[in-house]
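Heads up, the thing below is written out as structure tokens.
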Amino acid sequence: MKFIYILLVAAGVVTVRLALFRARRRRPSAERPAEGPELGRAARPARASGLRRSAMEGLLGDVGLVASREIQERLRGRIFRVGTVVMLVAVIAVVVIPALHKSGGPTPQKIGVVGFLPAGTRQAVLGAGRADQDAVSFVPEGSLAAAAADLRAGRTDVTIVDADELLVDRPLSSSNSPADPVLVRDVADYLGVLKAYREAGLSPLQAVQISNAKPVAVLSLAGSSKSRTSTTSVIGLVLLFFMLTQYCTWILIGVMQEKSSRVVEVLLAMVRPIQLLAGKVIGIGVVALGQATLIVGAALAVGAAVGSDLLHGTAPLALLSELLWLLLGYAFYCWVYAAAGSTAERQDQVQTLALPLSLPILFGYVYSITVASTGSPSLFFKVLAYFPPTAPFCMSVLDGLSQVTWWEFVCSALVSVAATWGAAVLAARIYRRAVLRTGARVHILDLVGRRAH
């Protein structure tokens, strides 16, 4: 059910973004009133001199000057403000709607009992049900086979076997599992403590064994091939996809508009091409990081306020991992989009370039969503986690599935950093040679080959 909410909200976000993009194309002059051809004369230097008073220039020099200009333009843009509000509303809806759906009243939970269950254990299970807002009732089972049949038929939701094991019909992470995952885990924890007591007896090791007690095994009749990842990973993939496509498209369109309006000629009279390109990348990157931090913070705050378990159990390292791969993915793709934007000077050329550039992002996103839903990554998927164009999606899913070690995570990040450095060097070369060429679209092969001049 949670995945349905996510897909509906994602579809709404896509619809709004397409509407805003079409509105922007119909009113290019209203959206960017300060970037017309007339700025190629005295008006542009006057505005640029005002940017020198920004705080970022003191830290990054001329690069900070350009970055400050990009930050100001993005924050003032109506597209950015409306898009941020839309994404905030979408994330809040994903967090709040399941919480409201769950708060409709106690959830009936029928617990089968195979073998002997002490009275104290029964009271503890009932107490866990009240704490989790579940109406617990016990169903005696004559044998393990009868208990399995009741689980498959839906007559019971979970079965306690000899007070030592829990049995469910479907994995707890499955969206159509009848068992309450929170109740099952609480009962498993308690039975694990009792098992540690029995094993320890009255020996001096009792306290140590109790402190190290682990939940008892929760077996599934349907196997574990279904989804094992949390909904948080899916939300992270959706946000990563939208943010990468949005910010990289900003760079592509921004470079094209500066080139077509000849504003870049004035800017290059003040800064070097690599400084102009780096400032644009850093400025939009700062806006991207700020927007992502705002959305994640809002999701955590709203989740804590409404008592949602959507993000419950999400470790801070998992959130930092999502932000890290957002930055690494942006750092890699932004140079590629900037170089491609310098070869175009019309809107139709931008659309032609945007499609092939977005194919790796789209492929990585769709493939990662599929793997996150099944919870069974293939060898090919694990290889893609080290391929920089798809690593932001694939490695974050592997991290959410706990199927990657820390050194593999670091190795993939280092490969992405090295690839980003190479992409930056090549993009700077293409940008320097193509940004001042006007009159027709410039082909990248002409710029990197021997015919470049």
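For the list (1) more than 30 Å from Ile274 (Cβ to Cβ); (2) at pLDDT 90 or above, I need the number of the one condition that Leu359 fails.
So the condition that Leu359 fails would be (1).
For segment 285-399, list the helices (runs of 4 or more DSSP H) that sit wholly inside it and hold at least 1 residues that are within 13 Å of the chain's Cα centre (by Cα) and touching a residue at least 24 places away in the same chain (Cβ under 8 Å); which are they? Full working, then the answer.
Working: elements: 316-341, 347-374, 379-384.
Helices (runs of 4 or more DSSP H) meeting the threshold: 316-341, 347-374.
Within segment 121-166, can you find the residues that are small (Gly, Ala, Ser) and closer than 16 Å to Pro106 by Cα?
Answer for segment 121-166, where residues must be small (Gly, Ala, Ser) and closer than 16 Å to Pro106 by Cα: Gly127, Ala128, Gly129, Ala131, Ala135, Ser137.
When the residues of segment 395-410 are filtered to those that are in contact with a helix residue (DSSP H, G or I) (Cβ under 6 Å, 6 or more places away or on another chain) and of a type in the set (Val, Ile, Thr), which remaining residue is surrounded by the fewest Cβ atoms within 10 Å (Cβ to Cβ)?
Applying the filter and picking the extreme gives Val404.
Mind listing whichever residues of segment 112-144 are among the hydroxyl-bearing types (Ser, Thr, Tyr) and either in contact (Cβ under 8 Å) with a residue 60 or more places away in the chain or in a helix (DSSP H, G or I) (or both)?
The one that is among the hydroxyl-bearing types (Ser, Thr, Tyr) and either in contact (Cβ under 8 Å) with a residue 60 or more places away in the chain or in a helix (DSSP H, G or I) (or both): Thr121.
For residues that are in contact with a Lys or Arg (Cβ under 9 Å, 6 or more places away or on another chain), buried (at least 16 other Cβ atoms within 10 Å of the Cβ) and either hydroxyl-bearing (Ser, Thr, Tyr) or modelled with pLDDT of 85 or more (or both), tally how many sit in segment 363-394.
2
Is it the case, given these coordinates, that Arg152 is charged (D, E, K, R) and without any contact (Cβ under 8 Å) to a residue 24 or more places away in the chain?
no
Restricting the search to segment 257-278, which residues are in a helix (DSSP H, G or I) and at pLDDT below 80?
Listed by number, the residues that qualify are Gln257, Glu258, Lys259, Ser260, Val263, Val264, Glu265, Val266, Leu267, Leu268, Pro273, Ile274.
Go through segment 328-356 and give me each residue that's among the aliphatic types (A, V, I, L, M) and buried (at least 18 other Cβ atoms within 10 Å of the Cβ).
Listed by number, the residues that qualify are Leu328, Ala331, Val336, Ala338, Ala339, Ala340, Ala344, Val350, Leu353, Ala354.
Are there any pairs, at least 6 apart or on different chains, whose C-beta atoms fall under 8 Å, with the first in segment 415-433 and under 17 Å from Ile251 (Cα atoms) and the second among the small types (Gly, Ala, Ser) and not in a helix (DSSP H, G or I), and if so, which?
Filtered contacts from segment 415-433: Ile430/Ser342; Tyr431/Ser342.
The values are calculated or read from the model by the stated rules, or taken from the named source; none is laboratory data. Small disclaimer: the values here were computed from a predicted structure and weren't measured. In this analysis, Cβ positions are derived from the backbone assuming ideal geometry, glycine residues included, and neighbour counts consider all displayed protein chains.
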